[in-house]
1. Does Y5 satisfy the criteria of being closer than 16 Å to L113 by Cβ and modelled with pLDDT of 95 or more?
2. Are any of the residues in region 72-79 polar (S, T, N, Q) and either closer than 25 Å to L113 by Cβ or surrounded by 15 or more Cβ atoms within 10 Å (Cβ to Cβ) (or both)?
3. In the list P26, P98, P37, which residue meets the criterion of being at pLDDT 95 or above and crowded, with 19+ Cβ neighbours inside 10 Å?
4. Please list, ordered by first then second residue, the pairs with beta carbon atoms under 9 Å, 6 or more apart or interchain, first in region 46-57 and more than 14 Å from P92 (Cβ to Cβ), second of a type in the set (F, W, Y).
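The values are calculated or read from the model by the stated rules, or taken from the named source; none is laboratory data. Keep in mind that what you see is a predicted model, and the values were worked out from it rather than measured. So basically every Cβ, Gly included, is an ideal-geometry build from the backbone, and we count neighbours across all protein chains shown.
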Amino acid sequence: MIQIYHNPRCRKSRETLAMVESSGQPFEVIEYLKTPPTPGELKALLQKLELEANQLVRKGETIWKTQFKGKDLTESEILSAMAQYPKLIERPIVVKGPRAILGRPPENVRDLL
């Protein structure tokens, strides 16, 4: 089953969700702002994405700029920050089995579908 970490207020996330829906494959929507992933879940997502934590952070968010920017954070500290402040998580993330894709741009997800 496909999982999409989705923010309904984000245009790119909505576009990606529409692509997943049109694929006809079963999927689950995870509204990560309502149900934030734990640091462990984020670490597992990063492994599937083949990214490091700092590559998944939305560095333009005010919370990042005011509380974390310029600090020398460990991977674990970044994961904890994203779990505490899920707005920091880049979106959308689409997971299918052992692979995951960041849906920015949404066309990236075609390879996974």
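1. Judged against the criteria, Y5 is a match.
2. Within region 72-79, not a single residue is polar (S, T, N, Q) and either closer than 25 Å to L113 by Cβ or surrounded by 15 or more Cβ atoms within 10 Å (Cβ to Cβ) (or both).
3. Result of the check over P26, P98, P37: P37.
4. V57/W64; V57/F68
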